1. Can you give the accessible area of Ser108, probe radius 1.4 Å, in Å² rounded to 10?
2. Given a 1.4 Å probe and every protein chain left where it sits, what share in percent of the accessible area of region 158-213 is carbon and sulfur?
3. Identify the GluC sites (Glu not before Pro) of region 104-161 meeting these criteria: DSSP loop state and at most 12 other C-beta atoms within 10 Å of the C-beta.
4. Roughly what % of Cα-Cα distances in region 98-227 sit above 23 Å, to the whole percent?
5. How much accessible surface does Lys185 have with a 1.4 Å probe, in Å² rounded to 10?
6. Can you give me the solvent accessible area of Ile209 with a 1.4 Å probe, rounded to the nearest 10 Å²?
7. Arrange the residues Glu182, Glu166 by how much accessible surface each exposes, largest first, with a 1.4 angstrom probe.
Amino acid sequence: MKTLLAVVVIIAGVVAAGYYGLPIMIEKETAAIRTEVKDLSERLQKTEAFVKQEEEARKDFHLPADADAQKIIKTINALAAKLASTEESLNKGLSAAGEEIKKQKAESADAIKKQMEALDKLGKETRANIQKSLFNALMAGIRGNVLKAKVDLVAKNIGNAKNELESISDLLEKARTMASDENRKAVEDLQGTLRKAKSEIDTDLSAAINRVDLLWHDMSKLIKVSS
């Protein structure tokens with residue numbers, strides 16, 4: 001009894017598998033065939049289109065077997081005229097394209113040149129402004145040193161004053177090297193005034209103080225002019 005029941009179950013399973021699985025298998029097997037048929041259909045359509053195009057082209061210049069010389073010449077002339085027209089149209093297109101490319105190339109080169117000139121000008125102006133700012137900052141610092149040297153001279157702290165003037169001498173030389181052409185002469189004049197003040201400290205303190213005071217005022221004017 002159990003064996004019979006098992007056989008019945010197996011048969012039922014096989015039938016069910018066939019009932020549900022068979023359509024899936026058929027669908028799977030026919031999918032590749034449908035794809036191939038579709039591909040062949042597309043190729044056939046392309047071939048028919050090409051044949052149709054070729055037939056239409058032949059009709060334009062078709063010569064019957066019994067065509068006379070005049071008909072042949074006329075057909076050849078028509079073909080030659082069409083080829084010449086096509087070639088002329090192609091040459092015009094190529095010429096126009098070439099001219100457009102040359103024009104665009106020239107415009108691009110001109111634009112690039114203008115941009116480079118503008119960048120170069122901007123770079124020079126920026127460097128000049130930075131140099132001017134650094135120069136003015138250095139001169140302002142030196143002017144503070146000059147004021148300190150004057151205070152030491154008035155207080156007769158000669159040793160401190162001499163050391164301060166030596167520092168000012170080094171700073172002015174640095175300022176001269178970074179000064180613009182128009183300011184370099186003014187810095188050299190300040191260096192001359194400083195040398196005279198240093199030489200007068202031991203011989204004429206009052207003159208040295210006046211010289212340092214003049215140095216301070218001249219530096220103030222230079223900073224004002226170069227700002």
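The values are calculated or read from the model by the stated rules, or taken from the named source; none is laboratory data. If you're wondering where the values come from, they're calculated on a predicted model, not measured in any experiment. We place every Cβ from the backbone using ideal geometry, glycine too, and count neighbours over all the protein chains shown. When the accessible area is computed, the model is the full protein with side chains, heavy atoms only, and any ligands, DNA or RNA have been set aside. Shrake-Rupley method; radii C 1.70, N 1.55, O 1.52, S 1.80 Å.
1. Its heavy atoms expose roughly 60 Å² to the probe.
2. Answer for region 158-213 is 43 percent, counting heavy atoms of protein chains only.
3. Answer by residue number: there is no such site.
4. Distances greater than 23 Å cover 47 percent of the Cα pairs.
5. About 120 Å², rounded to the nearest 10.
6. Its accessible surface works out to 30 Å², give or take rounding.
7. Glu182, Glu166
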